[in-house]
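**Q** One structure, pasted below without further comment.
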Amino acid sequence: MSNLCQNRDVYAFWDAFHPSERANRIIVQQMIDGTQNYMSPMNLSTILAMDSKF
């Protein structure tokens, strides 16, 4: 019943509230290997690397 964004790879939101596929990829990429500006005190890659040492 809703109208989806025609090109979800270009736009971050397909309406005022729902992120598109592109926005979700940006968010996940920041979670995985984002800098401390966005993921503090560390990103997921750092946590997984620390966990693999034990």
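The values are calculated or read from the model by the stated rules, or taken from the named source; none is laboratory data. These numbers come from a predicted model, not from an experiment. Cβ placement follows ideal geometry from the backbone for every residue including glycine, while neighbour counts extend to all protein chains displayed.
**Q** For the structure I just gave you, tell me whether Ser40 is among the polar types (S, T, N, Q), part of a loop (DSSP other than H, G, I, E, B), modelled with pLDDT of 80 or more and exposed (fewer than 14 other Cβ atoms within 10 Å of the Cβ).
**A** In short, yes.
**Q** Could you give me the residue pairs with C-beta distances under 8 Å whose first residue belongs to region 14-29 and is free of Cβ contacts under 8 Å to residues at least 12 places away in the same chain, whose second residue is in a helix (DSSP H, G or I) and of a type outside the set (D, E, K, R) wherever it lies, and which are 6+ apart or on separate chains?
**A** Once the first residue is free of Cβ contacts under 8 Å to residues at least 12 places away in the same chain and sits in region 14-29, its partners that are in a helix (DSSP H, G or I) and of a type outside the set (D, E, K, R) give Pro19/Ile27.
**Q** So, one more: For region 20-37, how many residues are among the polar types (S, T, N, Q) and in a helix (DSSP H, G or I)?
**A** Within region 20-37, residues that are among the polar types (S, T, N, Q) and in a helix (DSSP H, G or I) number 3.
**Q** Can you name the number of the only condition in (1) under 16 Å from the mean Cα position of the chain (by Cα); (2) at pLDDT 85 or above; (3) of a type in the set (A, V, I, L, M, F, W, C); (4) exposed (fewer than 11 other Cβ atoms within 10 Å of the Cβ) that Ile32 fails?
**A** Going through (1) under 16 Å from the mean Cα position of the chain (by Cα); (2) at pLDDT 85 or above; (3) of a type in the set (A, V, I, L, M, F, W, C); (4) exposed (fewer than 11 other Cβ atoms within 10 Å of the Cβ) one by one, Ile32 breaks only (4).
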